[in-house]
Amino acid sequence: MNARGDSALQTYRALPVGTPLGGIVLLAGLRGLSDEVRGLAKRLAAEGYCVYVPEISSALGIEPDLGERAEAALSNGLQEPLDDAVREEIERLETPQYQRWLLQSLRAVVDMALDGEGVGGRVAVIGTGMGGRDAYALAAFDHRVRLAISYDPGNVDIDAVEDIKGAAVSFYGIGTAVSQVMPELRAAMRRAGVPFCAKAYPDADTTSHVMSDRPSASDVASDLWERSLALLRLHLA
C-alpha cells in the first residue's frame, strides 16, 4: 500500500522448525519492521509459531522517526502538544477509509496465517501500541482469531471490543493511555462475555520491553514473555 492506501500489505514471515503450534499475526503499530520487531517475530517462531508481520507503516509511507513520535503521542493519551506532522498522521489513521482498508488487509494476513501448513485453524494476534489497538479491532472483525494480546493499546475503541469472540489480554504500563480507560474496557469485555484479563506493571512506563532481544534483561520483560507464551499455549492448543 502506498501513502494513498490503495494496495496490499507486504508481510514479513518468521517460521518455526518442525510442526507449528499455531499462527500469529504480529502488529508493531507505527514502529515499522525494526530490528526489535524482527527479533520478537524470530523468538516467537523459535517457540513453534508461524509469525506474520504486516508492514503497515511502510505501506503508509510513514518514516520511522514520525512513527515513533506518533506512537509516543498515542501512548500518553495525546496529552502533550503535537507537531503538525504527527497530528496529520494521527488524524489520517482515525478516518473510516483507513480503518476499512486496515481491517480488510489484516484479514488477508489472517488468511495467510491459517493457510500455513500445520496451523490447523489456530491463530492469535499480538499488538504493541497502535498495533495493540488494532489487535482488538482485528479480533472483533475476524472471529477466526482465538486470542488477542495487546501491549499498551493506544486509543482503544471501547464499543468495538464487544464484538470479540475469542479471548483478549492487555498488558500495560501505569503511565500509558489505556490505564485511564481500563475500567471501561473491563466493563465492555464483561458485558460481551469476552474472556478478558489485564495486568498492569506499576513500575513500568511501557510494556514494549517484550520486544527486547533478551527477555531476561529485566523482570518486566521476563514476566511479559513468560505470560505471553503461557497464554498462547492455552488458547492455541
- Message: Within the range 61-78, does at least one residue satisfy the condition of being under 17 Å from the mean Cα position of the chain (by Cα), at pLDDT 90 or above and of a type in the set (S, T, N, Q)?
- Response: no
- Item | Residue identified as modelled with pLDDT of 70 or more, surrounded by fewer than 13 Cβ atoms within 10 Å (Cβ to Cβ) and under 21 Å from L138 (Cα atoms) among E55, E91 | E91
- Message: Need pairs with beta-carbon distance below 7 Å; first residue over 16 Å from R122 (Cβ atoms) and within the range 155-169, second modelled with pLDDT under 90; sequence gap 6+ or separate chains.
- Response: N155/L74; N155/R133; N155/A177; V156/R133; V156/V178; V156/V181; I158/V181
- Task: Return the residue satisfying two criteria in turn: it lies in the range 77-88 and is among the charged types (D, E, K, R) and part of a helix (DSSP H, G or I), and of such residues it is most open to solvent (accessible area, probe 1.4 Å).
- Result: E88
- Whichever residue in the range 93-138 is among the polar types (S, T, N, Q) and in a helix (DSSP H, G or I) and, among such residues, is farthest from L231 (Cα to Cα): Q97
- Item | Subset of the range 134-151 [open to solvent by 10 Å² or more (accessible area, probe 1.4 Å) and in contact (Cβ under 8 Å) with a residue 40 or more places away in the chain] | R146
- Message: Of all residues being of a type in the set (S, T, Y), open to solvent by 10 Å² or more (accessible area, probe 1.4 Å) and touching a helix residue (DSSP H, G or I) at 6+ places or on another chain (Cβ under 7 Å) in the range 152-201, which is farthest from L103 (Cα to Cα)? Just the residue, please.
- Response: Y201
- Does at least one position in the range 173-188 carry a residue that is polar (S, T, N, Q) and assigned to a loop (DSSP other than H, G, I, E, B)? yes
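The values are calculated or read from the model by the stated rules, or taken from the named source; none is laboratory data. As the structure is a computational prediction, the values presented were derived from the model and not from experiment. Positions of Cβ are backbone-derived with ideal geometry, glycine not excepted, and every protein chain shown enters the neighbour counts. Accessible surface is based on the protein model in full, side chains and every heavy atom, while ligands, DNA and RNA are left aside. Shrake-Rupley method; radii C 1.70, N 1.55, O 1.52, S 1.80 Å.
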